[in-house]
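What follows draws every value from the coordinates through simple rules; no lab data is involved. Treat the numbers as computed from the prediction; the structure is a model and nothing was measured. Cβ coordinates were reconstructed from backbone atoms using ideal geometry, including for glycine residues, and neighbour counts include every protein chain displayed.
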């Protein structure tokens, strides 16, 4: 592993994704823990089709064994020995993708064993929002372990405001529910967004403290917009079970951009995250599940040096 000494990559990530600056302090978590099993996706997020569509498509449950199109041999060929890593400095983009996803873009190396080690869903037919939130934290940390990022400072944390902001951004983008009370420049990062082709429309939108209250635990400090970044991903389908829904997002992003891509970087280097999934067409069983990913906290430097620099 070659260590990057100049931290240039930090600036590259920030410039590519864009930072949303704000003067507010990031100590918004009050006394609430970021890593317990509390629900971070707000109740207002409508996940109804993410439960009905996978079964309508032929999956029997949301655990790996319930995914009908992935064979036992594919799971077997995607095991991880727990030690070998995927070094992006020694692999081409295609080889790096193959190292992380040996058999299928839906199967991250070692995810089958990871799932049954943690057994994150008490009811595999109806995983709760808090269980899915926690599972995604586990998966991102596993992804990082696959490239050798295992120290405590490399572990991702759930952030309540980032989860809420991701949902508010989607509500702003896909509905008009906030438009009357919160006017703005249509198609801007703040919104409104109707008719806009800006996929990041709604990125900086947050309602006022009074309107935020219904989305946050009682007594929780209102959310601001401290520095961070956002990624919009349309690779996942609404009918993919929760145990592997995130895999297609990761694999297609790495396949398109590699390890150093602007949208790839936060998966490996951001301290905090918040996700919102939005069914783009509830009437279509094969519709896309748009993921608005919010990233915050510290942007850690890459421990690998880009071949174009070193």
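What percent antiparallel are the DSSP beta bridges of the stretch 8-299, to the nearest 5? Can you show the working numbers first?
Values: 16 of 18 bridges.
Here the share of antiparallel DSSP bridges comes out near 90 percent.
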Which of 283, 264, 89 fluctuates most in a GNM of the chain (C-alpha springs under 10 Å)? That residue is 283
For mean projected area of the Cα convex hull in nm², with candidates [x] 19.9; [y] 15.0; [z] 15.9, the value calculated from the shown model is option [z]
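If you count, for each residue, the other Cβ atoms within 10 Å and average over each peptide, how do 208-219, 164-175, 39-50 line up from highest to lowest?
Values: 208-219: 12.7, 164-175: 23.8, 39-50: 17.4.
So the order, starting with the most tightly packed, is 164-175, 39-50, 208-219.
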